[in-house]
Amino acid sequence: VFTFLQDFSKAMSQAGTSQFQEVIRQELEYSMKVELDKILSTASSNELEHTKKDLEGFKKLFHRFLQEKGPSVDWGKIQRPPEDSIQPYEKIKARGLPDNIASVLNKLVVVKLNGGLGTSMGCKGPKSLIGVRNENTFLDLTVQQIEHLNKSYNTDVPLVLMNSFNTDDDTKKILQKYSHSRVKIYTFNQSRYPRINKETLLPIAKDVSYSGENTECWYPPGHGDIYASFYNSGLLDNLIGEGKEYIFVSNIDNLGATVDLYILNHLMNPPNGKRCEFVMEVTNKTRADVKGGTLTQYENKLRLVEIAQVPKAHVDEFKSVSKFKIFNTNNLWIALSAIKRLQEKNAIDMEIIVNPKTLDGGLNVIQLETAVGAAIKSFENSLGINVPRSRFLPVKTTSDLLLVMSNLYSLNAGSLTMSEKREFPTVPLVKLGSSFTKVQDYLRRFESIPDMLELDHLTVSGDVTFGKNVSLKGTVIIIANHGDRIDIPAGALLENKIVSGNLRILDH
């Protein structure tokens, strides 16, 4: 009897806990609704419609956030993807191209994710407007690539930019300079969601404005928002009406993400006659890529698993290069009709990423986000393609910028390709210290970009400057300690060298 009573009281207390949690959840949802209604009531008549859509989308995300507990994957169910679910790029390329490649290209739309600011590199405006090569910005290179494609094949591939409220105005001003280029450019905005106080789980915004002191109250909710925003903008329907069938989506700062005709042909003319609705380009992990999301088999579907979803006990296993050999480049090919179908059924399921931030005044907030690739499990007949590393060339830091500005790459019609003079196909590992973090400081410290064709590894730390025509080979480590300064003189050749201490070369 005693054990029965123990079990009974335990069951009752568990039921009580879950009921209690349910009551709390309902109260939080109600309080959130009240606050969002207050915010909406401050919208002007021309803001009302899109603010309402944004807040409705946020409410759905918040509801799911309250329902979900802990990491969203059951580690025991994760399996390696079946062999044929990730195809080697060589196999797809070996099929060659049909004669009518122009008609295949005319079904394509290029979409660039352009919501990010250049803040991590010390810039104020959109990241896409940072100069990366011969004065060309990320956006210039993108337009040049598509223009070259349209001229070469006499096609009409449009460019679509998904902006955020942070980047929209500046981007639209710049777009006027492309009015005579042979690329139709469209834009739509991703949603604007309210940041929430980590303690109260209520919005910190009191009204709809997002300028001045209110800029910190709002955020764009990650690129997973593309499906709803693209659909809501009306642009998705317009493009389907024009006969477009696939979008190629990538980050605007990935300079390797150019239109690949072999992958496009594989989508439009599949060898088994059954079209894929979603293709994710993956590439082999190196030690530098341990955090990238990976493709797994989960409940008989391909599924993207990000590091944030992994239970703590399995993080090291997730990072291992031997078990999970590939990661997501975020170059994605998606069928427009499938986006429309799933969006209308409200059937796109993406895990929530909880992104904690501390605002300038010290307030802790969270923002709820989703990632575009996480929707792969909602589409039919998905496929991974293991592409060469050259299709993943992201510029996230000034260390990346140094690589793409250097003679390691040559530029042709907006596309960067590894120089044929480089003897091995991998890029050097470059680590520039905090004195180089901001683009303007970085540019000031290099009179010209060094010759890096034979470089394996470069580490620079402290107050270091480079003169003109410096050559770096092998492993070079330059460390100026606190209070010291190192000036690498013009024309210097550093091969397998460690330079430290104080080095001032004075011109007399």
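The values are calculated or read from the model by the stated rules, or taken from the named source; none is laboratory data. Given the structure is predicted, the values throughout are model-derived calculations rather than measurements. Here the Cβ is made from the backbone with ideal geometry for all residues, glycine too, and neighbour counts use every protein chain on show. Note: accessible area is taken over every heavy atom of the protein model, side chains too, but ligands, DNA and RNA are not part of it. Shrake-Rupley method; radii C 1.70, N 1.55, O 1.52, S 1.80 Å.
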Checklist entry - Once you wrap a convex hull around the alpha carbon atoms of region 453-494, what is its projected area averaged over all directions, in nm²? => result 2.7 nm²
Checklist entry - In region 398-500, carbon and sulfur make up what percent of the accessible area (probe 1.4 Å)? => result 48 percent
Checklist entry - Give or take rounding to whole Å, what are the principal axis extents of the alpha carbon atoms in region 75-391, in descending order? => result 60, 55, 42
Checklist entry - Suppose every K and R has +1 on its Cβ and every D and E has -1 on its Cβ; what is the size of the dipole of region 252-349 about the Cα centre, in Debye to the nearest 20? => result 220 debye
Checklist outcome for this item: Per the C-alpha gyration tensor (a ≥ b ≥ c, the square roots of its eigenvalues), region 260-300 is rounded if a/c is under 1.5, else prolate if a/b beats b/c, else oblate; here it's oblate
Checklist entry - Once the dipole of region 75-391 is set up with Lys and Arg at +1 and Asp and Glu at -1 on Cβ about the Cα centre, which of V111, L235, N346 lies farthest towards its positive end? => result V111
Item to check | Most positive-pole-ward Cα, S18, Y246, L383, against dipole of the chain from beta carbon charges | outcome: L383
Checklist entry - In whole angstrom, how long is each semi-axis of the equivalent ellipsoid of region 50-94, when you take the square root of 5 times every eigenvalue of its Cα gyration tensor and sort them from largest down? => result 37, 21, 5
Checklist entry - Tell me which aspartates and glutamates have Cα within less than 20 Å of K285's Cα, excluding those fewer than 8 residues away on the same chain? => result E83, D84, E90, D253, E306, D316, E317, D400, D456
Checklist entry - Mind checking the dipole of region 398-500: about its Cα centre, +1 per Lys or Arg Cβ, -1 per Asp or Glu Cβ, Debye to the nearest 20? => result 160 debye
Next on the checklist: Can you list residues from other chains, or at least 5 along the same chain, whose modelled amide H is less than 5 Å from the amide H of A257?
Outcome noted: L393
Item to check | R0 of 30 Å, Cβ-Cβ distance K468-T437: FRET efficiency to nearest 0.05 | outcome: 0.85
Item to check | the chain - mean residue ellipticity at 222 nm from DSSP helices (-39,500 (n - 2.57) per run, n ≥ 4, rounded to 500) | outcome: -9000 deg cm²/dmol
Next on the checklist: Once you order the gyration tensor axes a ≥ b ≥ c over the Cα atoms, which shape class does region 359-466 get: rounded for a/c under 1.5, otherwise prolate or oblate by comparing a/b with b/c?
Outcome noted: oblate
Checklist entry - Expressed as an acute angle from 0 to 90° and rounded to the nearest 10, what is the orientation of the C-alpha long axis of helix 45-67 relative to the principal long axis of the chain? => result 80 degrees
Checklist outcome for this item: Check: C-alpha center region 258-322 vs C-alpha center region 196-215, spacing in Å is 36 Å
Checklist entry - Projected onto the charge dipole of the chain (+1 at Lys/Arg Cβ, -1 at Asp/Glu Cβ, origin at the Cα centre), which of L28, T258, M268 gives the Cα projection farthest towards the positive end? => result M268
Next on the checklist: Please give the charge dipole size of the chain, origin at the Cα centre, charges +1 on K and R Cβ atoms and -1 on D and E Cβ atoms. Round to the nearest 20 debye.
Outcome noted: 600 debye
Checklist entry - With Cβ to Cβ distances under 12 Å as the rule, what net charge do the other residues near G243 carry (K, R +1; D, E -1)? => result -1
Item to check | Fraction of beta bridges assigned by DSSP in the chain that are antiparallel (%, nearest 5) | outcome: 45 percent
Item to check | Pairwise label distance in nanometres, S18 with E216, each label 7 Å out on the Cα-Cβ vector | outcome: 4.1 nm
Checklist entry - Given that compact globular proteins tend to follow 2.2 N^0.38 Å, what is the ratio of the alpha-carbon Rg of region 439-508 to that value? => result 1.03
Checklist outcome for this item: Gyration tensor on Cα atoms of region 77-179, a ≥ b ≥ c root eigenvalues, a/c under 1.5 rounded, else prolate if a/b beats b/c, else oblate, says oblate
Item to check | Sulfur and carbon atoms: percent of accessible area, region 41-124 [1.4 Å] | outcome: 52 percent
Checklist entry - Among the listed pairs K112/K198; K33/K312; K431/K497; K52/K291, which are separated by more than 27 Å between their Cα atoms? => result K112/K198; K33/K312; K52/K291
Checklist entry - All other residues with a Cβ under 12 Å from the Cβ of T398 taken together, and with Lys, Arg as +1 and Asp, Glu as -1, what is their net charge? => result +3
Item to check | Segment K60-Y186, length gained on full extension (0.36 nm per residue, minus Cα span) | outcome: 42.6 nm
Next on the checklist: Give me a comma-separated list of calculated 3J(HN,Hα) values for region 133-142, in order, Karplus coefficients 6.51, -1.76, 1.60 applied at θ = phi - 60°, integers in Hz, x for any Gly or Pro.
Outcome noted: 7, 6, 6, 7, 8, 3, 5, 4, 5, 4
Next on the checklist: Let me check against my output: what whole-number percent is the relative contact order of the chain, with C-alpha pairs under 8 Å and at least 6 apart?
Outcome noted: 15 percent
Next on the checklist: Using a probe radius of 1.4 Å on heavy atoms only, what accessible surface per residue do you get for the chain? Whole Å² is fine.
Outcome noted: 49 Å²
Checklist entry - Expressed in nm to one decimal, what extension gain is obtained for the pair R95 and S500 from 0.36 nm per residue of sequence separation less their Cα-Cα distance? => result 140.4 nm
